[in-house]
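Here is the structure we will look at.
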Amino acid sequence: MSRDEVGRVASKVMWLVFRVSLTVAGFLVLFALLYPVFFIVLQSFYSKPSLIEDPVKALGMLTIENYVRAVASPEFASAIQMSLLISLLTVLVSVVVITPAAYAFSRFHFKGRDMVLYIYLILSQAGGGFGVVAVIALLMFLLVLSSYGVPAYGWHVLPLIYSAGLVPFQTWLLKSYFDNLPRELDEAAFIDGADWGTIIYRIVLPSSRPAVIIITLFAFMSAWGEFFIANLLRVNTIGAYIYMTAFGERGLQDPSVYAALSLIYAFPIIVIYMVAQRYMGEAYRLGIVKG
């Protein structure tokens, strides 16, 4: 075998080793990402002993008893109802407030418009320590309102808080979509005598169905998944209920029931993502992420 042939064989072997190494690394990353999900799904179907205490014995004890125990609690039913109410109200407030704001930023040029948009952009990207400071400031503000007799503590303030947090990011999203709609729709309706409310909610919104569905789903998921502020305000949402089940005064009584509760908690979000796939694709195609 000549030197050139040996070099080609060595190159092919090295390339094969490189591909095999990448494949193995990919499977390891995939396993690391899916292992917690796989573990919690298995844990939810087993009674004591848990997978941690005796994994061999637990594998022979498949049961749905944990889900029955999870949903049988009156506190669980109350938490589900509270979360649904808060999430739906958050969706309603978000759509009513964000839609005209996004339309105004898209169609009109007024003093301070660009500055407000940049502030929205900064706020939509802020998090971490800034988010913690914002929560502390929010709680202090609610405390001051309460001292003046304003009913600022309770479940009724959560939709307003969640909607306010969604305004910067979702206004940008919807504005970018409105930028791609032809202005002739608005002008024709205005010539026919339609007022601004009719133009926005009866003409622009139906023409922006993918974008509106996306911000609606984002609003619902944000309200459904939040538990930190709800827990601080002592509102019994499903997130706060599961948190208190694990880390509250009662402590973690049964890890299998906690796993079942966690999967029930995540199920609506999984369904929403599955349903929203077609609308997300259409929204991206039509420019919701531009700007």
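The values are calculated or read from the model by the stated rules, or taken from the named source; none is laboratory data. All values derive from a computational prediction rather than experimental measurement. Methodologically, a virtual Cβ is constructed for each residue, glycine included, from the backbone with ideal geometry; neighbour enumeration extends over all protein chains shown. Ligands, DNA and RNA are stripped out before the accessible areas are found, and what is left, the full protein with its side chains, is counted by its heavy atoms. Shrake-Rupley method; radii C 1.70, N 1.55, O 1.52, S 1.80 Å.
Assess whether PRO182 counts as being over 17 Å from ALA266 (Cβ atoms), buried (at least 17 other Cβ atoms within 10 Å of the Cβ) and not small (Gly, Ala, Ser). Steps first, answer last, please.
Numbers: over 17 Å from ALA266 (Cβ atoms): yes; buried (at least 17 other Cβ atoms within 10 Å of the Cβ): no; not small (Gly, Ala, Ser): yes.
Answer is no for this residue.
Condition test on LEU143, is it open to solvent by 50 Å² or more (accessible area, probe 1.4 Å), closer than 17 Å to LEU233 by Cα and either part of a helix (DSSP H, G or I) or of a type in the set (Phe, Trp, Tyr) (or both)?
Working: open to solvent by 50 Å² or more (accessible area, probe 1.4 Å): yes; closer than 17 Å to LEU233 by Cα: yes; either part of a helix (DSSP H, G or I) or of a type in the set (Phe, Trp, Tyr) (or both): yes.
Answer is yes for this residue.
Go over the candidates VAL91, VAL9, VAL29 one by one and state the one that is surrounded by fewer than 18 Cβ atoms within 10 Å (Cβ to Cβ) and modelled with pLDDT of 85 or more. Before the answer, list the steps.
Numbers: VAL91 fails: surrounded by fewer than 18 Cβ atoms within 10 Å (Cβ to Cβ); VAL9 fails: modelled with pLDDT of 85 or more.
Exactly one residue qualifies, and that residue is VAL29.
Identify, please: which residue in the stretch 146-168 is at pLDDT 80 or above and in contact with a Phe, Trp or Tyr (Cβ under 9 Å, 6 or more places away or on another chain) and is, among those, farthest from ALA240 (Cα to Cα)?
By that ranking, first place goes to PRO168.
It is to be established whether one or more residues within the stretch 107-120 are surrounded by 12 or more Cβ atoms within 10 Å (Cβ to Cβ), more than 25 Å from the chain's Cα centre (by Cα) and either touching a residue at least 12 places away in the same chain (Cβ under 8 Å) or in a loop (DSSP other than H, G, I, E, B) (or both).
Yes, the stretch 107-120 has at least one match.
Quick one: in the stretch 202-251, which of the residues that are assigned to a loop (DSSP other than H, G, I, E, B) and of a type in the set (Gly, Ala, Ser) is modelled with the highest pLDDT? Step through it out loud before you land on a result.
Looking only at the stretch 202-251, we keep the residues that are assigned to a loop (DSSP other than H, G, I, E, B), and these are 208, 226-227, 233-237, 248-251.
In the following step, the residues that additionally are of a type in the set (Gly, Ala, Ser) were identified as 208, 248, 251.
Details: SER208: 77, GLY248: 55, GLY251: 54.
It comes out as SER208.
Of these, LEU16, LEU51, which one is of a type outside the set (Phe, Trp, Tyr) and modelled with pLDDT of 80 or more? Walk me through it before giving the result.
Details: LEU51 fails: modelled with pLDDT of 80 or more.
Criteria check complete, one pass: LEU16.
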